Amino acid sequence: MRHGKKDNHLGRKEGHRYAMMSNLAVSLITHKRIFTTVAKAKALRTYVEPLITKSKDDSTHSRRVVFSYLQNKEAVTELFREVSQKVADRPGGYTRIIKVGNRPGDAAEMAMIELVDFNANLLKEKGGKKAAAAKTTRRSRAKKTAAPKAAGSSEATAEGSE
């Protein structure tokens, strides 16, 4: 019986599964977004999120712990330099899984897993909302400044007609 066993074995032996999770995590950290099956994406989320949390504390010990999971110096460097800076104020939930349909060959459910703070499209939308608020402020100021000019121009025409 499987009481209390949460890990999805993904049809692989333990060593193969750890190597696959390490490779997927390195790909996610370097590319910020990868496409894989839903089952692997869910397993990857539980694998990589504790590593991202560990990267918030940039110490030699935490770098060594993360390296023991990833086995890739470039990925560890990128995780501690870029990713940890962007997620510094986020309390968790560093990844997003979006289902994208079925794979043509075997109809496996596919998903896109990405780092939340690196999606440029969503960041632009959030920035666009703030910019829209700024535009309304500018418009109201423009109306106030435009009204005296209009009054001044009507005075000039009134003076010119006299």
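Points 7 angstrom from Cα along the Cβ direction at M1 and H16: gap in nanometres? According to this spin-label approximation, the distance is 2.9 nm.
For region 50-67, backbone phi angles converted through the Karplus equation (6.51, -1.76, 1.60; θ = phi - 60°) give residue-by-residue couplings of x, 5, 5, 4, 5, 6, 5, 9, 7, 10, 4, 4, 5, 5, 5, 5, 5, 5 Hz, Gly and Pro being listed as x. Counting only Cβ charges, +1 for Lys and Arg and -1 for Asp and Glu, the dipole size of region 14-118 around its Cα centre is about 60 debye. Computed from label points 7 Å out along Cα-Cβ, the spacing between T53 and K73 is 3.0 nm. Exposure proxy for I34, I29: other Cβ atoms within 10 Å of each Cβ, ordered fewest to most, give I34, I29. For A111, the residues 5 or more places off, or on other chains, whose built amide H falls under 5 Å of its own are T36, T37, V38, V100.
Every number in this text was worked out from the coordinates using simple rules, so none of it is lab data. Not measured: the values here are computed from a predicted model. All Cβ positions, glycine included, derive from the backbone under ideal geometry; neighbour counts span all protein chains shown.
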